Amino acid sequence: MRGQFDVELVGQLAWNIHYMKDTNIGMQDATCYESRIEYPTDVKLLWKCCEQVHDILQDVRNKLRLRKSRCRFSKRNQEYLSYQKTRKKTRRKEKKMRKKLLKFLLRLLMLLEKHPCGLSLRKIARLTTIFKIYKQQHQKAYGSNSEPIKDRIVSLSKPYIRPIVRGKEVKPVEFGAKVNKLQVDGISFIEHISFDAFNECTRYKEGIYLQRKLFGKCTHQSADAIYATNENRRYSSGQNIHTNFIAKGKQKMQYIQQAEILRKELGKERATVLEGSFGNEKNHYLLQKVNARNQYTETCWIFFGMMTANASIIANRMQQAQQQCARAA
């Protein structure tokens with residue numbers, strides 16, 4: 001651990017000395033890097049579970065040299081397709097279809113239990129996920145609507161994905177990894193990444209700690225309005241950190257104009273540079289829709305996409321420094 005920290009510190013100092021400036025100013029914000037999955041609905045999820053269990057059941061009966069199961073799969077398939085083709089899917093139709101698929105899925109699972117046969121670890125893991133989905137959907141269909149479903153699964157192929165409410169007009173809910181990002185002089189660092197929803201305002205202190213660990217000090221911090229909690233305000237005041245948070249209460253007249261100018265500059269820098277880096281990474285570094293297949297490769301995909309964007313920025317600065325040296329010579 002000591003050697004790893006030294007290597008990281010040497011690398012950061014090299015960036016700091018030659019190609020980075022104003023390392024005492026940091027910016028924080030959170031975004032969601034979406035996974036490449038189709039928009040999930042309960043009916044789609046249940047039908048995929050039915051298809052998976054039906055395929056496993058037919059493979060097991062084939063190994064046992066039995067005829068194919070007569071479970072009216074084609075009839076349920078036609079009902080599902082006719083429902084998907086309807087232009088207006090009312091809540092009543094959706095609820096009716098969900099209950100039909102729940103009963104059909106339970107029947108398939110019971111038929112599969114009657115045929116003991118060795119299954120691969122991959123199929124066992126998939127069936128375990130299907131059992132969890134059945135319990136969650138059964139609770140939603142027949143349980144109380146006021147009780148939230150804990151760790152709700154929205155994708156059969158990626159059971160670690162959770163719905164993350166972002167509150168945007170175009171995309172109120174996103175499905176992927178939520179990242180709290182720290183940015184110093186245009187260079188981005190992942191402070192926290194999670195596939196579960198979290199409140200980014202609770203990561204404010206950890207972001208300042210990361211900046212101090214990498215660059216030694218933090219005197220200015222710019223963040224979104226959601227970070228401006230009373231706890232974060234007290235922490236910033238106690239650490240003598242200037243922020244872009246709107247001041248509360250009465251202020252002294254001689255400090256109002258100066259503080260307002262500083263606050264606007266910090267807010268403008270965050271809104272242009274930090275928010276722009278989100279779009280740059282998503283549009284040019286394959287983070288618009290993460291194409292990985294599991295949680296670990298998806299995390300690596302996000303990390304390398306962000307680090308590639310950083311490397312591009314540093315390379316441009318190195319090229320500019322070489323050109324300036326050539327002109328001076």
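Miscellaneous remarks
- Residues located in segment 123-154, provided they are of a type outside the set (A, V, I, L, M, F, W, C), under 17 Å from CYS50 (Cα atoms) and out of contact with any Lys or Arg (no Cβ under 9 Å at 6 or more places or on another chain): LYS123, ARG126, THR128, THR129, LYS132, TYR134, LYS135, HIS138
- Tally of residues being in a helix (DSSP H, G or I) and either in contact (Cβ under 8 Å) with a residue 60 or more places away in the chain or farther than 19 Å from CYS117 by Cβ (or both) across segment 52-72: 3
- Output for segment 292-324, where each listed residue is out of contact with any Asp or Glu (no Cβ under 9 Å at 6 or more places or on another chain) and among the polar types (S, T, N, Q): ASN294, GLN295, THR297, THR299, ASN310, SER312, ASN316, GLN319, GLN320, GLN322, GLN323, GLN324
- Whichever residue in segment 190-200 is part of a strand (DSSP E or B), surrounded by 16 or more Cβ atoms within 10 Å (Cβ to Cβ) and not β-branched (Val, Ile, Thr) and, among such residues, is nearest to the chain's Cα centre (by Cα): HIS192
- Only one entry of ARG293, ARG263, ARG317, ARG270 meets the criterion of being out of contact with any strand residue (DSSP E or B) (no Cβ under 7 Å at 6 or more places or on another chain), under 30 Å from ILE161 (Cα atoms) and in the same structural domain as VAL179 (by TED's automatic domain parsing), and that entry is ARG293.
- Of the residues examined, LYS140 is not one that is loosely packed, with under 15 Cβ neighbours inside 10 Å, at negative phi and assigned to a helix (DSSP H, G or I).
- Residue identified as over 28 Å from GLU113 (Cα atoms) and without any contact (Cβ under 8 Å) to a residue 60 or more places away in the chain among GLN84, GLN78: GLN84
- Within segment 299-320, residues that are within 22 Å of HIS192 (Cα to Cα) reach partners that are assigned to a helix (DSSP H, G or I) with beta carbons closer than 8 Å, at six or more positions or on different chains, in the pairs GLY305/GLU281; MET306/GLU281; ALA309/SER277; ALA309/ASN280; ALA309/GLU281; ALA309/HIS284.
- Residue identified as part of a loop (DSSP other than H, G, I, E, B) and within 26 Å of ILE25 (Cα to Cα) among ALA292, ALA247, ALA311: ALA247
- Residue within segment 158-168 that is outside any loop (DSSP other than H, G, I, E, B), outside the structural domain of LYS289 (by TED's automatic domain parsing) and of a type in the set (A, V, I, L, M) present: yes
- Those residues of segment 201-230 which are part of a loop (DSSP other than H, G, I, E, B) and of a type in the set (A, V, I, L, M, F, W, C), in sequence order: CYS218, ALA228
- Out of PHE189, PHE215, sole residue that is modelled with pLDDT under 90 and at negative phi: PHE215
- Being at pLDDT 90 or above and out of contact with any helix residue (DSSP H, G or I) (no Cβ under 9 Å at 6 or more places or on another chain) holds for only one residue in LYS132, LYS171, and it is LYS132.
The values are calculated or read from the model by the stated rules, or taken from the named source; none is laboratory data. Predicted model, so just to flag it, every value in this text is computed and none were measured. Note: ideal-geometry Cβ built from the backbone for every residue, glycine included; neighbour counts use all protein chains shown.
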